[in-house]
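Novice: Before anything else, here's the structure in question.
The values are calculated or read from the model by the stated rules, or taken from the named source; none is laboratory data. In this text the structure is predicted, and so the values were computed from the model without any measurement. Cβ sites come from the backbone with ideal geometry, for glycine too, and all protein chains shown count toward neighbours.
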Amino acid sequence: MPIALGIDTGGTYTDAVLLDTSSGTVLAAAKSLTTRHDLSLGISAALAAVFADAPGTCQTALPAPTAVELVGLSTTLATNAIVEDQGAPVCLLLIGYDPTLIESRGFADDLVTRDVVHVRGGHDGQGDEVQPLDERAVLAAAEQRRERVAAFAVSAYFGVRNPAHELRAKALIERATGLPVTCGHELTTQLDSVRRATTTALNGRLIPIVRELIATVRRLLAARGITAPLMIVKGDGSLVQADWAMERPIETILSGPAASVVGAWHLAGRRDGWVVDVGGTTTDIAVLRQGLPRLNPEGARVGRWRTMIETVDVHTTGLGGDSQVWLDRDTGQIRLGPRRAVPLCQLATTAPEILDELRRQVAERQHLDLCGVFLLSQRRPTTRSPRDASLLEVLDSRPRSLAWLIQHLPQGLLAVRQIEQLERHQALQRAAFTPTDALHVLGRFVRWEVEAARLGAELLAARCGCTAEEFCAQVVEAFARRLASELVTKALADEGRTPAWPQEPTAEALLARALGQHAGSALRCRLELREPVVAVGAPVAAYMPQAVELLHTRLQIPPHADVANAIGAVVNGVVQRLRVLVRPHDDLFRFHLPDGVRDFADLDAGIEQIRSAAEQHLREQARRAGAPHVDVQMARRDRTAPDGYGGDSEIFVESELEFVAVGGPALHWQSVPQAAEPRPDAAVLAAPEAASPEDGHELA
């Protein structure tokens, strides 16, 4: 019985599953709280729980850890590091870029790092050298910085059309420093020199921190006798060997949403439909078509950065079980998120003293807008003012209510701004009433301290003039309506009509009536989602039935829906892509390849020669990514244009060859041959349907 161990580190929970890969049966599942300041703590707790053989977890005896043949990890680390502007120091070398143009158009802020070195060199849109690479400048930059940075990033102008200068610079830097070097053409084949440089620099920043996580996970696995290969989930849902992910950690952004889509597909057995993953921090919505998640060829946006990494096309909204519930001062309506908070019921299990404070607030019912909120110290910022240090010292020993802090701090209400700033820097964590608390009050989900949830509900209900139960029912209803609204938003966006509801009052009014609001209106609307919804995540049974009913479609909540992400971390395969562009060049046909350009007199003869080499190259890449055996397919797309003389004749414009290698990951008893000299993959994340910008200016 081949056993796989899947691990997912989500925003709130870290999940672990043991899966019989021959039958797809889940043998055991466990959850622990994600420890964002140190992910290894949550992973270690989940591993301990999944192998504990708790009563009712599994019908048969659990296998020993040594029986595990494959480990898959879905991690939020890369995504969170980019959003929070964290990472190691990196030097970005720009070859052939125009520094004056970069500054004049305001692109400097898009380059991730201030340590940017401009070097002479680069190519044109045909792949011809514009000027030789200034190797002395490359070596000088490397030697000056080898003690000051953790990695280098290299992006050459039109480097995707001819990577020769990037490859030479990489060899020089590695020889001089021994530090990791990322080239732009290794991550994408698309034009857009600035965005490619951004993506390359982000990858360099992530390498040290992802390496540290993988090393830690390997130690945790080894401590339990697990020697199976460790695979990482990429943002497109496929798997890669951990060593590959350490070189290209940027490819693991949106790993969690990708794993949830793959896990939902595996559990539901459905080829078409909507996937909704309701987590503690966010809700992710994606679509399945013919058993595959739809990908976003435009590149994923993470935080303020627009990358060139192709990922699952997911709509993410700040709505989850840990979203803070608050009341709109102007309308009195219930609002959910986007701020995340520790549920009161959860905080009370580790800090039971908050119950006395909540009881006092309920009894006194003064300044209700400040009540029911607690702050706890999370970590010390590296730089802080004396005033910040004083506040953090107060919270070192125990959580304090916001009302208590306002009363006892010298700055009074002005402390609210200081507290919010420390929250943004993750030095403080907020605890407040959440949808998870509402479920505890209603008895639909009970894991922690119910009394704390009820007291928090009474404080908010007092402001609404209703009972705690009535208020909690309204919270669940608001959650369901919000889920339905986000599904509508995603469906319209997929058709090219992304709505901006607040700026479109008539459309927003129609949506509200379709979702059951404004019952007294003379107008009744109906929205129908044509395809069914597969819902995964721990709380979906509480929210999704009502949301799906509003959209008049079917709902499927598969078994083990609460750990679908961890299942998705091991059930997919290794997928590698290579894109080769062919264009006319001086009466010849020029092939833009991973290691340079080649010219042929005959198009079809050239394709046949290149095909064999490209397939071999892709097999080597797939083996390095963790698949010992792959199937390689080639798709060819020719583009022509009218010859301009009014007849039916057409002229050849370009041809695009896309090679795709698909294979299963190696198990512990299989060996994965490693290429002696790894060759760069020019198009692992190509987007074949994306139109190229004008070649005349790559910055366009």
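Novice: I'm checking my understanding of the structure. Among residues of the range 451-465 that are of a type in the set (A, V, I, L, M, F, W, C) and under 20 Å from residue 431 (Cα atoms), which one is surrounded by the fewest Cβ atoms within 10 Å (Cβ to Cβ)? So that I can check it myself, show each step before the final result.
Specialist: Taking the range 451-465 first, the residues of a type in the set (A, V, I, L, M, F, W, C) are 452-453, 455, 457, 459-462, 464.
Remaining after also requiring under 20 Å from residue 431 (Cα atoms): 452-453, 455, 457, 459-462.
Working: 452: 28, 453: 28, 455: 27, 457: 28, 459: 22, 460: 25, 461: 19, 462: 16.
Step by step, filter the range 451-465, then rank; the result is 462.
Novice: Here's a follow-up. Does residue 468 qualify as being crowded, with 18+ Cβ neighbours inside 10 Å and modelled with pLDDT of 95 or more?
Specialist: Working: crowded, with 18+ Cβ neighbours inside 10 Å: yes; modelled with pLDDT of 95 or more: yes.
For residue 468, the condition - crowded, with 18+ Cβ neighbours inside 10 Å and modelled with pLDDT of 95 or more - is met.
Novice: Here is a further query. Show me the strands (runs of 3 or more DSSP E) found entirely inside the range 272-376 where at least 2 residues are out of contact with any Phe, Trp or Tyr (no Cβ under 7 Å at 6 or more places or on another chain), surrounded by fewer than 22 Cβ atoms within 10 Å (Cβ to Cβ) and modelled with pLDDT under 90. Before the answer, list the steps.
Specialist: Working: elements: 273-278, 283-289, 315-317, 323-327, 334-340.
By residue number, 315-317, 334-340.
Novice: Considering (1) crowded, with 18+ Cβ neighbours inside 10 Å; (2) part of a helix (DSSP H, G or I); (3) within 27 Å of the chain's Cα centre (by Cα), say which one residue 109 fails and leave the rest.
Specialist: Every condition holds for residue 109 apart from (1).
Residue-by-condition table, conditions (1) in contact with a Pro (Cβ under 8 Å, 6 or more places away or on another chain); (2) touching a residue at least 24 places away in the same chain (Cβ under 8 Å); (3) within 30 Å of residue 96 (Cβ to Cβ); (4) crowded, with 20+ Cβ neighbours inside 10 Å:
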site	(1), (2), (3), (4)
187	no, yes, yes, yes
197	no, yes, yes, yes
200	no, yes, yes, yes
216	no, yes, no, no
230	no, yes, no, yes
233	no, yes, no, yes
250	no, yes, yes, yes
257	no, yes, no, yes
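Novice: Do any strands (runs of 3 or more DSSP E) lying entirely in the range 1-45 carry at least 2 residues that are over 15 Å from residue 75 (Cα atoms) and touching a helix residue (DSSP H, G or I) at 6+ places or on another chain (Cβ under 7 Å), and which ones are they?
Specialist: Values: elements: 3-9, 13-20, 25-33.
In the range 1-45, 13-20, 25-33 are the strands (runs of 3 or more DSSP E) which contain 2 or more residues that are over 15 Å from residue 75 (Cα atoms) and touching a helix residue (DSSP H, G or I) at 6+ places or on another chain (Cβ under 7 Å).
Novice: Let me ask you something else. Scan 452, 389, 415 and give me the residue that is touching a Cys at 6+ places or on another chain (Cβ under 6 Å), among the small types (Gly, Ala, Ser) and not in a strand (DSSP E or B). Before you say what the answer is, go through the steps one by one.
Specialist: Working: 389 fails: touching a Cys at 6+ places or on another chain (Cβ under 6 Å); 415 fails: touching a Cys at 6+ places or on another chain (Cβ under 6 Å).
Matching residue, one of 452, 389, 415: 452.
Novice: Can you tell me how many residues within the range 455-492 are within 31 Å of the chain's Cα centre (by Cα) and not in a helix (DSSP H, G or I)?
Specialist: Summing the residues that are within 31 Å of the chain's Cα centre (by Cα) and not in a helix (DSSP H, G or I) in the range 455-492 gives 0.
Novice: Could you list, in sequence order, all residues of the range 421-439 that are farther than 15 Å from residue 389 by Cα and out of contact with any strand residue (DSSP E or B) (no Cβ under 8 Å at 6 or more places or on another chain)? Before you say what the answer is, go through the steps one by one.
Specialist: Residues of the range 421-439 that are farther than 15 Å from residue 389 by Cα, as a first pass: 424, 429-439.
If the condition is that a residue be farther than 15 Å from residue 389 by Cα and out of contact with any strand residue (DSSP E or B) (no Cβ under 8 Å at 6 or more places or on another chain), then 424, 439 are the ones that fit.
Novice: Looking at 40, 44 in this structure, which one is in contact (Cβ under 8 Å) with a residue 60 or more places away in the chain and crowded, with 20+ Cβ neighbours inside 10 Å?
Specialist: Numbers: 40 fails: crowded, with 20+ Cβ neighbours inside 10 Å.
Answer to the selection: 44.
Novice: Let me ask something else about it. Is there any pair with a first residue in the range 601-617 that is farther than 12 Å from residue 582 by Cα and a second that is among the β-branched types (Val, Ile, Thr) and surrounded by 17 or more Cβ atoms within 10 Å (Cβ to Cβ) whose Cβ atoms are under 7 Å apart and which are 6 or more apart or on different chains, and what are they?
Specialist: 614/580; 615/632
One line per residue, one yes/no per condition, for (1) surrounded by fewer than 21 Cβ atoms within 10 Å (Cβ to Cβ); (2) without any contact (Cβ under 8 Å) to a residue 12 or more places away in the chain:
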residue: 402; (1), (2): no, no
residue: 410; (1), (2): yes, yes
residue: 418; (1), (2): yes, no
residue: 433; (1), (2): no, no
residue: 436; (1), (2): no, no
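Novice: If you don't mind, there's one more thing I want to ask. List the strands (runs of 3 or more DSSP E) that sit entirely inside the range 493-601 and contain at least 1 residues that are at pLDDT below 90.
Specialist: In the range 493-601, the matching strands (runs of 3 or more DSSP E) lie at 574-585, 588-593, 596-600.
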